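Inspection log for the structure reproduced underneath, given as structure tokens.
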Amino acid sequence: MEENLRVLLCEDDENLGMLLREYLQAKGYNTELCPDGEAGYKSFLKNKFDLCVFDVMMPKKDGFTLAQEVRGVNAEIPIIFLTAKTLKEDILEGFKIGADDYITKPFSMEELTFRIEAILRRVRGKKNKESNSYKLGQFIFDTQKQILSIGDIHTKLTTKESELLSLLCTHANEILQRDFALKTIWIDDNYFNARSMDVYITKLRKHLKADPNIEIINIHGKGYKLIIPEEGE
């Protein structure tokens, strides 16, 4: 693990928060603990963090609201939600906001650190991709800056959007197997992650609709296919 990785932890349960902070610190993460979303946002604006862990139900500002504000400042920083809720709608809401992962209480400390390490590996792995940019019809996709451009319009993608589009680009005009995409980006191909990927596919379609020659189609029972014009067409 790289040294001095900073984690912003927002948890209103004092005992759990202190326990998580001590554990993450012992694992080598420089962790700042905030007791509510309002304090978390102030800390985020003042400091540089590599990853955020937000409890969903917090006073003053809930985790979803905090995540949306954080995403407005930095669309790339990974976010993990902690929650006692198990409703599918709540979990999907988290992914719609741009969560990188979602852990339901109770959970083990080992599970949390495993998920943090997996996310950080994916984020840093982007820097080692074979291609730093792709031409998708009229679009240019810069994988390092996570920017999708068409003409003078530049769209900053979230980390998950960028990872998924990158994977589609490496399989352009071929079938991207659903299970492969889930395990590559989300680590686990469970129901919630599968629904989350559907949400991100919908988001990517909206981003790409400015060029009618670009399409992401469903391949029933298999996965997705990014259709782009071949050179010379």
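Note the full-extension length gain between R6 and E22 as 0.36 nm times their separation in residues minus their Cα-Cα distance, in nm to one decimal. List each step's numbers first, then the result.
Details: separation 16, 0.36 × 16 = 5.76 nm, distance 1.35 nm.
Between R6 and E22, full extension yields an extra 4.4 nm.
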Subject >> Other-chain or far-sequence residues with amide H under 5 Å of S133's (modelled H) >> reply: T143
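From the cross-link list K61/K145; K48/K160; K48/K135, which pairs have alpha carbons spaced over 25 Å apart?
Values: K61/K145 30 Å; K48/K160 20 Å; K48/K135 32 Å.
With Cα atoms farther than 25 Å apart: K61/K145; K48/K135.
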Subject >> Sites matching trypsin sites (Lys or Arg not before Pro) across the range 179-233 that sit in DSSP coil, with at most 14 neighbouring C-beta atoms within 10 Å >> reply: K209, K222
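What FRET efficiency comes out for the pair T202/A118, r = Cβ-Cβ distance, R0 = 41 Å, nearest 0.05?
After rounding to 0.05, the efficiency reads 0.95.
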**OP:** Only residues of the range 142-174 count here: report those whose backbone N is under 13 Å from the spot 7 Å along Cα→Cβ of A210, or say none.
**Re:** 142, 147-157
Original post:
Relative contact order of the range 129-227: what whole-number percent is it, with Cα pairs under 8 angstrom and at least 6 residues apart?
Top reply: 25 percent
Original post:
Can you tell which of L16, L164, L136 shows the greatest fluctuation in a Gaussian network model of the chain with Cα springs below 10 Å?
Top reply: L16
**OP:** Pick out, from F192, Q177, L164, the residue whose Cα sits farthest towards the positive end of the charge dipole of the range 163-233, with +1 on the Cβ of Lys and Arg and -1 on the Cβ of Asp and Glu.
**Re:** F192
Subject >> Space enclosed by the convex hull of the alpha-carbon atoms of the chain, per residue, Å³ >> reply: 126 Å³
Subject >> Loop sites in the range 1-88: trypsin sites (Lys or Arg not before Pro), DSSP, at most 12 other Cβ within 10 Å >> reply: K48
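Counting pairs of alpha carbon atoms under 8 Å apart in space and at least six apart in sequence, what relative contact order in percent does the range 1-108 give? Before the final figure, lay out the partial values.
Working: 180 pairs, mean separation 25.1, N = 108.
The normalised contact order for the range 1-108 reaches 23 percent.
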Original post:
Once you charge only the Cβ atoms, +1 for Lys and Arg and -1 for Asp and Glu, what is the size of the charge dipole of the chain about its Cα centre, to the nearest 20 debye?
Top reply: 360 debye
Original post:
Pulled fully out, how much extra length does the chain show between V73 and A172, if you take 0.36 nm times their separation in residues and subtract their Cα-Cα distance?
Top reply: 32.5 nm
Subject >> the range 134-178: equivalent-ellipsoid semi-axes (sqrt of 5 x gyration tensor eigenvalues, Cα, Å) >> reply: 19, 13, 7
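Antiparallel DSSP bridges in the chain: what percent, to the nearest 5?
Counting only bridges with both partners in the chain, antiparallel ones make up about 55 percent.
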Original post:
Relative contact order for the chain: what is it in percent, counting Cα pairs under 8 Å that are at least 6 residues apart?
Top reply: 13 percent
Original post:
Add -39500 (n - 2.57) for each DSSP H run of 4 or more in the chain, then divide by its residues: what number comes out at 222 nm, to the nearest 500 deg cm²/dmol?
Top reply: -12500 deg cm²/dmol
Original post:
In Å, the Kirkwood hydrodynamic radius of the range 45-117 over pairs of distinct alpha carbons?
Top reply: 12.6 Å
Original post:
So, by mean Cβ neighbours within 10 angstrom, what's the order for 153-162, 49-58 with the highest one leading?
Top reply: 49-58, 153-162
Original post:
Angle between the Cα long axis of helix 159-170 and the longest principal axis of the chain, 0 to 90 degrees, nearest 10?
Top reply: 30 degrees
Original post:
Over the range 129-227, what lengths in whole Å, largest first, do the semi-axes of the equivalent ellipsoid take, defined as the square roots of 5 times the eigenvalues of the alpha-carbon gyration tensor?
Top reply: 21, 14, 12
**OP:** Can you pull the one-decimal nm distance between simple spin-label points at D13 and E110, each 7 Å off the Cα toward Cβ?
**Re:** 2.0 nm
**OP:** Go ahead and set up a Gaussian network model of the chain, Cα springs under 10 Å, then flag whichever of D62, D211, D142 fluctuates most.
**Re:** D211
**OP:** Would you please give the residues with an amide H less than 5 Å from that of V53, counting only those at least 5 places away or on a separate chain, with H modeled from the backbone geometry?
**Re:** L8, L9, C10, I80
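We did not get these values from a lab; they are worked out from the coordinates using the rules stated. Just so it is clear, the model here is predicted, and its values are computed rather than measured. Using ideal geometry, Cβ is built from the backbone for each residue, glycine included, and neighbour counts are taken over all protein chains shown.
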